[in-house]
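The structure under discussion appears below in the form of structure tokens.
The values are calculated or read from the model by the stated rules, or taken from the named source; none is laboratory data. As the structure is a prediction and not an experimental result, all values here were calculated from the model. Every residue, glycine as well, gets a Cβ built from its backbone with ideal geometry; the counts of neighbours run over all protein chains shown. Remember, those area values only see protein heavy atoms, side chains included, never the ligands or the DNA or RNA. Shrake-Rupley method; radii C 1.70, N 1.55, O 1.52, S 1.80 Å.
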Amino acid sequence: FPIIRAQTSPDFVPDAKFYKVEAILRPWRIQQVSSALLKMGIRGVTVSDVRGFGAQGGLTERQAGSEFSEDTFVAKVKMEIVVSKDQVEGVIAKIIEEARTGEIGDGKIFLTPISDVIRVRTGERGEKAERMMGGHADMSSALSTS
Ligand code: ATP
Ligand code: GLN
């Protein structure tokens, strides 16, 4: 049954050409994740040092401190990667492959539609701005034409 939803509802997810994959991960796994992404042609990545708690709570890596307060946030790294829609699932799969230990505290990935990309140097917008020289799209088109 059709339900009319307001655009402000979280149930309304706009379709987009580009998406931001935001991954909160263990700091010591970042090198492995970013080199794997680079290998697949993902060259635009932003990382920030952050602190947080989830199911892991304030428990530091493999250390049992049971106190749970704001000064026991765990150090994490936030990776933000804007990619075209067709690259989203590949990037997510790669992040999981490289970041997962199977233990509590592996992190989480958030996906957000992005309305536009603008390259400051050239003023390009959309696909032209999102594409990187020698990036994933270039790599796949080189594969399919050779
Ligand atoms: P230019 O060709 O002008 O260098 P560029 O597309 O290579 O443009 P940069 O100016 O090198 O972009 O990017 C600046 C910063 O923006 C990067 O260091 C990175 O943090 C961030 N960034 C660029 N592209 C992306 C992306 N697709 N996803 C996430 N972060 C990005
Ligand atoms: N989608 C871009 C490309 O194929 C790469 C995006 C990125 O590196 N974050 O060139």
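Taking all protein chains as shown and a probe of 1.4 angstrom, LYS17 keeps an accessible surface of around 140 Å². Ranked by the mean number of other Cβ atoms within 10 Å of their residues, highest first, the peptides 130-137, 79-86 fall in the order 79-86, 130-137.
My understanding is that a pair violates if its Cα-Cα distance is over 24 Å; which of LYS17/LYS76; LYS76/LYS128; LYS78/LYS128; LYS85/LYS108 do that in this structure? Before the final figure, lay out the partial values.
On the way: LYS17/LYS76 29 Å; LYS76/LYS128 32 Å; LYS78/LYS128 26 Å; LYS85/LYS108 19 Å.
Over 24 Å apart, Cα to Cα: LYS17/LYS76; LYS76/LYS128; LYS78/LYS128.
How would you order 88-100, 113-125, 44-56 from highest to lowest mean count of nearby Cβ atoms within 10 Å?
Details: 88-100: 16.2, 113-125: 11.5, 44-56: 13.2.
Peptide ranking by packing, descending: 88-100, 44-56, 113-125.
Of the chymotrypsin sites (Phe, Trp or Tyr not before Pro) found in segment 6-46, those in coil by DSSP whose Cβ has at most 13 other Cβ atoms within 10 Å are PHE12.
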